[in-house]
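J.: I am attaching a structure below and will ask some questions about it afterwards.
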Amino acid sequence: MAYLSVLDAARRALRGTLLLPEDQGFDDARRPWNLAIEQRPAGVAVPADLGDLRTLVRAARDAGVTIAVQPTGHGASGDLSGAVIVRMDAFDDLEVDLEAGTVRVGSGVRWGAVVEALDGTGWVAPAGTSPVVSVAGYTLCGGHSWFSRTAGLGSDNLRAVWMLRSDGEHERVDDDSDPDLMWALRGAGGVMGIVTALEIDLVAAPAVWGAELTFGAGDAAAVMRAVRDLAVDAPSSLNVFMNSMRMPDVPQLPEEIRGRSFFTVQALSTNGPAELLVSALVRAGTVQREVSGPTSPRLISESSGEPTDPTPGRGASAALSSLDDDMIDGLMRFREQPEQWPIMGIDIRMLGGALERPRRAGFATLRGVEWLLHALVPVFPGVPSEPGGASIAGFSDVVARAAAPHTVPTFLVPGQTLERCGQTASIDRLRRVRTITDPEALFHEGRLPR
Ligand SMILES: Cc1cc2nc3c(=O)[nH]c(=O)nc-3n(C[C@H](O)[C@H](O)[C@H](O)COP(=O)(O)OP(=O)(O)OC[C@H]3O[C@@H](n4cnc5c(N)ncnc54)[C@H](O)[C@@H]3O)c2cc1C
């Protein structure tokens, strides 16, 4: 195939690497973090510097292939056939400016490194729950954080990027220099160019306080109602995540947790203890375990149980415009059905607060959405996938009645497009910006609707 000889010739000019399908190690290199996704790219590049990136862009043009930046593949959706995947590991600068309340990170940096660098400073990052998700992939696709009610989406906090365009131009872009491009970069992912670094606002949080309360599954509906009622007047400084867990009864899990169900509420306040919430929860159910007190994103991250090694996983997400009693009861009835065992956890995040007042214009928004849900279906080797597919479909049916008109791109699952995140006018605007920044469509179209 002609494109392979063009790419083969180009790689001799690289300081980094470019693996092609016949090369040893290609099969490992092409795998995304989410091992459930199969992707068959034309090549996998790990550029060493900006010069390498420019060489790759030229080679892609000459070879007639596209470039798809994929730092980790947490958001992989499986449609990269014929693209060259670019991994940004070498772009690993991290500079914290506490006076300005900002951080500048290379696009290979993962959130865990930023959280670590900020520990004890009185500032926190608008990071998601996983320390191994890349700052770039999360922020460019929206990003809902532990602190989103306090500070908005990750992308609302994106001040500027350094971006390589398809014409080889590398420049700093902000709202003054190109407001349309910045609007698109706040949510549309990598369809405009290759971002090499990002400048992000930090969140002032001098007194982070956290609580995690665990209840039996039988208390879940009452506890959810209590949290829902409290959400109406909750201060923006209070961030709440609920989780309904049912550990599957599979031999791959340790005996002591296999088949167990429980419900947790995790609260994080940037403004001291959230006593009102805790007392409402204690009235709503029997607390089996409570941990509360001053905390930090580093401690939360360490105890979050998020997988750090590449893991296969499937799921469904839903953005809801309300959580009424019927929806809570419907969700719990669904949860109790034995055949829904493949769904291990349902994460339910309280929205509102700063999400209703984004500080910058961006494609991604959770304005007008009240709750963000994610149902996780782990993939266990040897366990058939059909029951998981049926449970995902069942979950989507249960929540459909209260579906909000849009969600955030980081919560899209494979097969879903940006149409779920913005109206037709916004998608048209994205296409116009893309036509200007990448007229040859050299960068992979990602989740843009085909
Ligand atoms: C375990 C787990 C926990 C998660 N927790 C959260 C959470 O709390 N909140 C949340 O909002 N999301 C969460 N997510 C979703 C995750 O934030 C998104 O999938 C995100 O896009 C992943 O970014 P990545 O770079 O790690 O993944 P990738 O799949 O490698 O990248 C995602 C996309 O970002 C774009 N991109 C990345 N870097 C660049 C660049 N340098 N230049 C141009 N484009 C680029 C590309 O379009 C790419 O397709 C979670 C996902 C997992 C698997």
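J.: To the nearest Å, what is the center-to-center distance of segment 375-420 and segment 103-130, using C-alpha atoms only?
T.: 29 Å
J.: Taking amide H atoms as placed 1.01 Å from N in the peptide plane, list the residues 5 or more away in sequence, or in a different chain, whose amide H sits under 5 Å from that of Ala160.
T.: Here Glu199 satisfy the definition.
J.: Run the helix sum for the chain: -39,500 (n - 2.57) per DSSP H stretch of 4+ residues, divided by residue count, reported at 222 nm to the nearest 500 deg cm²/dmol.
T.: -8000 deg cm²/dmol
J.: Under the Karplus relation 6.51 cos²θ - 1.76 cosθ + 1.60, θ = phi - 60°, what is the ordered set of whole-Hz ³J(HN,Hα) values for segment 70-85, x standing for Gly and Pro?
T.: 9, x, 10, x, 5, x, 4, 10, x, 10, 9, 4, x, 9, 8, 7
J.: So how much slack lies between Asp325 and Arg31, counting 0.36 nm per residue of separation and subtracting their Cα-Cα distance, in nm?
T.: Working: separation 294, 0.36 × 294 = 105.84 nm, distance 4.23 nm.
This chain segment gains 101.6 nm when fully extended.
J.: For the chain, modelled as a GNM with alpha-carbon contacts under 10 angstrom, which of Asp175, Asp119, Asp309 fluctuates the most?
T.: For the chain, modelled as a Gaussian network with Cα springs under 10 Å, the answer is Asp309.
J.: What whole-number distance in Å separates the alpha-carbon centres of segment 296-335 and segment 340-361?
T.: Going from one Cα centre to the other spans 9 Å.
J.: Can you tell me which of Met88, Met327, Met224 moves the most in a GNM of the chain? Springs connect C-alpha atoms under 10 Å apart.
T.: It is Met327.
J.: Could you let me know the centre-to-centre spacing of segment 141-164 and segment 1-71, using Cα atoms, in angstrom?
T.: 28 Å
J.: Using alpha carbon coordinates only, what is the Rg to Rh ratio of segment 1-92, with Rh defined as the Kirkwood radius?
T.: Ratio of gyration radius to Kirkwood radius: 0.93.
J.: If you take the charge dipole of segment 322-450 about its Cα centre, with +1 on Lys and Arg Cβ and -1 on Asp and Glu Cβ, which of Pro387, Ser322, Thr407 is farthest toward its positive end?
T.: Value: Thr407.
J.: Let me spell out the model: positive unit charges on the Cβ of Lys and Arg, negative unit charges on the Cβ of Asp and Glu, origin at the Cα centre of the chain. What dipole size does that give, in debye rounded to 20?
T.: Its charge dipole is roughly 580 debye.
J.: Which of Ala274, Thr139, Thr129 sits farthest toward the positive end of the charge dipole of the chain, with +1 on the Cβ of Lys and Arg and -1 on the Cβ of Asp and Glu?
T.: Of the candidates, Thr139 comes out farthest on the positive side.
J.: Once phi is turned into θ = phi - 60°, what whole-Hz ³J(HN,Hα) does the Karplus curve with 6.51, -1.76 and 1.60 give for every residue of segment 262-269, x standing for Gly and Pro?
T.: Rounded to whole hertz, the list is 7, 9, 10, 10, 10, 10, 9, 10.
J.: Can you compute 3J(HN,Hα) from phi for each residue in segment 205-215, using the Karplus curve 6.51 cos²θ - 1.76 cosθ + 1.60 with θ = phi - 60°, rounded to whole Hz and x for Gly and Pro?
T.: 8, x, 10, 7, 10, x, 9, 10, 10, 10, 10
J.: What does the charge add up to near Trp341, with Lys and Arg as +1, Asp and Glu as -1, over the other residues with Cβ less than 9 Å from its Cβ?
T.: With Lys, Arg at +1 and Asp, Glu at -1, the net is -1.
J.: Let me spell out the model: positive unit charges on the Cβ of Lys and Arg, negative unit charges on the Cβ of Asp and Glu, origin at the Cα centre of segment 209-411. What dipole size does that give, in debye rounded to 20?
T.: Numbers: 17 positive and 23 negative charges, 110 e Å.
Dipole about the Cα centre, nearest 20: 520 debye.
J.: Mind ordering 230-239, 16-25, 56-65 by average Cβ neighbours within 10 Å, highest first?
T.: 56-65, 230-239, 16-25
J.: Label 7 Å along Cα→Cβ of Leu4; segment 60-87 residues with amide nitrogen under 20 Å?
T.: Label zone hits: 60-68, 80-86.
J.: Something else now. Counting pairs of Cα atoms in the chain, how many percent are more than 34 Å apart?
T.: Working: 32590 of 101025 pairs.
Summing the P(r) of the chain above 34 Å gives 32 percent of all pairs.
J.: With a cut-off of at most 16 other beta carbons within 10 Å, and DSSP calling the residue loop, which trypsin sites (Lys or Arg not before Pro) in segment 203-309 qualify? Please list them.
T.: Arg258, Arg260
Read the figures in this text as sums done on the coordinates, not as results from a lab. Because the structure is predicted, anything quoted here is derived from the model rather than measured. Counting neighbours? That spans all protein chains shown, and the Cβs are built from the backbone with ideal geometry, glycine included.
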